[in-house]
Every structure is written in structure tokens, then in C-alpha cells.
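Structure provided below as C-alpha cells; questions to follow.
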Amino acid sequence: MALTFYYGSGSPYAWKVWLALEHKGVPYDLKVLSFDKGDTQAPEFRAVNPRGKVPAIVDDGFALWESAAIVEYLEEAYPARPLLPADPKGRATARRIAAECENYLGPLMSELSRATLFRKGPADASVMADIHKRLGEELPRFDAALSGDHFAGSLSLADFTVYPRLRMIRRVDERQPGEDWSRHIPKRLAAWMKRIEALPYFDRTVPPHWKA
């Protein structure tokens, strides 16, 4: 029986899980939930995840939510094509980079989205300047964390955690040209993004509403 994957278009957490599923070749039944229609609050979905948030999975009757827990579960339940290095230090590094992304870069990306795509009224110049400053400070940290072609040496959960966050920067530029937020992405990090986008399964995971 295929795993059921509950997804919301544009969620970086759900995108991380989708990339992991595709990388591992795990068969899944995709359920796209609409935020606008309130699908995540429907009783049917809350029976899967009482918190009413995506992503969530159901695998052989086992329901699980929280993206980090889902990826760790997939790593153990479906060990082929691993997303964690074989050695303890490599695994710790991948997990540390993923945690740094969610704890530091994630909130900053949320602020960027609120200040741009979801802004009501004119832009606040001081808020925009602060986000520019903090992006200029934060992104070099991830650039420095690259080890060869990927984070933690080989392709790992760190890559699939960081990519959706960084892609949001370019998404903002695409929707609202002018600020050039992408100028803060260092060259090595930009080249790494292209490597992720060249993965054979990548196009299947692009948020559907971005393709419209």
C-alpha cells in the first residue's frame, strides 16, 4: 500500500518531505490540500494531524506529522538512497545545518514573506532594510557550510531543508521585482541551488501554484 502524503503548495516544510520521498523512490499517494479553502482544518485531515498543519503522512496506518520527524522516519523505514551520511559526525552535521535553517533562516524567510508577498499597504523602509541586512549576514553562513557539491558532503536532509527556504528569496523577486533580494545569495550557494534544480525528480516537486 502506497504511503499517503498530505501536502500544501508553497509550504517549505512540505517541499522538504516531497524532495525526500522522490529521492528515496518511495511510492506515495499525493493529497494536495488548499490553504485558501481551509482543507487543513477539515475534520478528515485533523483526524490525521490534530494540529491541522502540513506536511503529514500515513504509512500503513501510521500517521505522522512534523517535517523533521517525517524525514527521519523515511530514513529509517526506507533506508535505500540514504539522506544521512554513514558516519556519526556527518549525520550530526547534516542535522545541525537543517536545525540552523529551521531556527534561523526559516523565521527570516517568514519575515520576508510578510514584508513583501503578504504585505498590506506600502512597504516599511526600515523593515525592508533590516531584512536586507540580516540576509547579508545569514546567507554567508550557509555558503560557508557547503562541503563540496552539497551540505554535509553528500546530498542529505540538510540540502532538502535549506533549498525551499532559499528558493523563496527568488520567488519574492519574481513576484515583486525591484528589491533584488537574490543579490544576497553568494555565488557558491547559487551554484548549489542549480545542482538541486538539476536533480531528475526536482521538477515534480515544484509547488503547483508556482507553475500556474
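The values are calculated or read from the model by the stated rules, or taken from the named source; none is laboratory data. Bear in mind that the values here come from a model prediction, so they are computed numbers and not experimental data. When we count neighbours, we look across all protein chains shown, and the Cβ atoms used for this are built from the backbone with ideal geometry, even at glycine. When the accessible area is computed, the model is the full protein with side chains, heavy atoms only, and any ligands, DNA or RNA have been set aside. Shrake-Rupley method; radii C 1.70, N 1.55, O 1.52, S 1.80 Å.
Return one whole number: the accessible area per residue of the chain in Å², for a 1.4 Å probe.
On the way: 10670 Å² over 212 residues.
Spelled out: the 1.4 Å probe surface of the chain, per residue, equals 50 Å².
How large is the dipole of the chain about the Cα centre if only Lys and Arg carry +1 and Asp and Glu carry -1, each at its Cβ, rounded to the nearest 20 debye?
Taking the Cα centre of the chain as origin, the dipole is about 380 debye.
Sticking with this structure for a sec: How many angstrom lie between the Cα centre of segment 74-102 and the Cα centre of segment 178-212?
22
Set the bar at 21 Å for Cα to Cα. Now go through Lys53/Lys194; Lys133/Lys187; Lys53/Lys133; Lys31/Lys211 and name every pair that lies beyond it.
Cα-Cα > 21 Å for Lys53/Lys194; Lys53/Lys133; rest within.
Oh, and also: Taking θ as phi - 60°, what are the ³J(HN,Hα) couplings along segment 103-114 by the Karplus curve (6.51, -1.76, 1.60), each to the nearest whole Hz, with x for Gly and Pro?
With the stated coefficients, segment 103-114 comes to 8, 10, 6, x, x, 5, 5, 5, 5, 4, 4, 5 Hz.
What does the charge count around Glu72 come to, taking other residues whose C-beta lies under 11 Å from its C-beta (Lys +1, Arg +1, Asp -1, Glu -1)? Please report the intermediate quantities before stating the final value.
Working: positive: Arg91, Arg95; negative: Glu66, Glu75, Glu76.
Charge balance in the 11 Å sphere: -1.
If you take the alpha carbon radius of gyration of segment 33-150 and divide it by 2.2 N^0.38 Å, what ratio comes out, to two decimals? Don't skip to the end; give the middle numbers.
Values: Rg = 18.4 Å, N = 118, 2.2 N^0.38 = 13.5 Å.
Normalised Rg, Cα atoms only: 1.37.
Moving on. Using protein chains only and a probe of 1.4 angstrom, how many square angstrom of Ile169 are accessible, to the nearest 10?
It works out to around 0 Å².
I need the calculated FRET efficiency for the pair Ser126 and Glu76, taking r as the beta carbon distance and R₀ as 45 Å, to the nearest 0.05.
Efficiency at R0 = 45 Å is approximately 0.45.
Based on a Kirkwood Rh over C-alpha pairs, give the Stokes-Einstein translational diffusion coefficient of the chain at 25 °C and viscosity 0.890 mPa s in µm²/s.
Values: Rh = 18.0 Å.
In µm²/s, the coefficient rounds to 136.
How big is segment 113-200 by the Kirkwood estimate over distinct Cα pairs, in Å? Intermediate results must be reported in sequence, preceding the final value.
On the way: mean 1/r = 0.0714 Å⁻¹.
Answer for segment 113-200: a Kirkwood hydrodynamic radius of 14.0 Å.
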